[in-house]
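First up is the structure itself, then whatever we jot down about it.
The values are calculated or read from the model by the stated rules, or taken from the named source; none is laboratory data. Note that the structure is a prediction, hence the values are computed from the model and not measured. Reconstructed Cβ throughout: ideal geometry from the backbone, glycine too, with neighbour counts over all protein chains shown.
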Ligand code: BMA
């Protein structure tokens, strides 16, 4: 399959006149609802703290942004050092954002993911996409991230992907506040014998429901720390079952702004909404700017079903 880069990439750039978004705008969650694209992007400015910015678009390419963040750190909260990599979904008339909360306290074991603090998988909700209520993290006591909610309940419960290193895992909840440890099952991990996803893997945007299963995009890096993208297919009623996982990557850094930026050699996606049969694959380039690539949904389904 070929994800086609948008000809006017990058589609969102830092704003050099803004204190909070002058350095990097990247790794955005994007929701398509009522004929508009809503983007929630990770922004860094003079203090290097990540905040969540907001922009709206009719075509997914030209964006109008709000000149202040919609979500910021809570002093002494689990996100006191920043909010990273948002994913956004609508479930039964409520909007949810899952984001990586970077705080001062590291409660995990082993080596922390972030310097001098810990990260937790936070959930927030909103009825209007501008004012957000922070709920709780999906788990505590471990560095955990790359969490995203499925767009509908599965067997009566909310379901989420999350990354309990080194595996992409599943979790279930009745109320989005309590996630039963007994239900946290691993789905897949890195493939040590495969060139591009041999070191680390994590889920991307909201999984796409198809008649064959959940189409799930994911990211991975190799020993050289090059971030690439892949796709797999999970069972509709039991997403811990991987039905298909093609060997080849589908997308990797090629453009100068993907090869060079704040962190080199990174394409990182938190959003893959489908509009009129087209997948809009939004991604951060080198942790610095936002890009867009598209592919027909049908092509992605054929690929995941048939590729070796
Ligand atoms: C990951 C996340 C992403 C980032 C990527 C590359 O661990 O922190 O936000 O894009 O690293 O730096």
Only unsatisfied item for residue 111, checking (1) over 18 Å from the mean Cα position of the chain (by Cα); (2) in contact (Cβ under 8 Å) with a residue 24 or more places away in the chain, is (2)
Give me the pairs, please: first residue somewhere in segment 59-77 and in contact (Cβ under 8 Å) with a residue 12 or more places away in the chain and on the phi > 0 side of the Ramachandran plot, second residue anywhere and surrounded by 14 or more Cβ atoms within 10 Å (Cβ to Cβ) and part of a loop (DSSP other than H, G, I, E, B), beta-carbon distance under 8 Å, and either six or more positions apart or on two chains.
60/11
Condition broken by residue 191, with the remaining ones in (1) touching a strand residue (DSSP E or B) at 6+ places or on another chain (Cβ under 8 Å); (2) buried (at least 16 other Cβ atoms within 10 Å of the Cβ) satisfied
(1)
Find the residue count for segment 94-110, including only residues that are over 11 Å from residue 29 (Cβ atoms) and surrounded by fewer than 23 Cβ atoms within 10 Å (Cβ to Cβ).
9
The strands (runs of 3 or more DSSP E) lying wholly within segment 211-308 that contain at least 3 residues that are at pLDDT below 95 are none
Wholly inside segment 95-171, strands (runs of 3 or more DSSP E) that include 1 or more residues that are within 23 Å of residue 43 (Cβ to Cβ), within 16 Å of the ligand (Cβ to nearest atom) and modelled with pLDDT of 95 or more are 118-126, 145-149, 158-164
May I ask you to say which residue of 166, 151 is free of Cβ contacts under 8 Å to residues at least 40 places away in the same chain, within 25 Å of residue 251 (Cα to Cα) and within 18 Å of the chain's Cα centre (by Cα)?
166
Of the candidates 223, 249, the one satisfying the condition of being over 18 Å from the mean Cα position of the chain (by Cα) and touching a residue at least 24 places away in the same chain (Cβ under 8 Å) is 223
Please find, among 180, 204, the residue that is surrounded by fewer than 14 Cβ atoms within 10 Å (Cβ to Cβ) and in contact with a strand residue (DSSP E or B) (Cβ under 7 Å, 6 or more places away or on another chain).
180
Go through (1) within 27 Å of residue 169 (Cα to Cα); (2) touching a helix residue (DSSP H, G or I) at 6+ places or on another chain (Cβ under 9 Å); (3) surrounded by 22 or more Cβ atoms within 10 Å (Cβ to Cβ) one by one and return the number of the condition residue 288 breaks.
(1)
Identify the single condition in (1) within 22 Å of residue 4 (Cβ to Cβ); (2) away from the ligand (no atom under 11 Å from the Cβ); (3) touching a strand residue (DSSP E or B) at 6+ places or on another chain (Cβ under 7 Å) that residue 259 does not satisfy, given that it satisfies every other one.
(3)
Please enumerate the residues belonging to segment 270-280 that are more than 15 Å from the ligand (Cβ to nearest atom) and in contact (Cβ under 8 Å) with a residue 12 or more places away in the chain.
272, 273, 274, 275, 277, 278, 279, 280
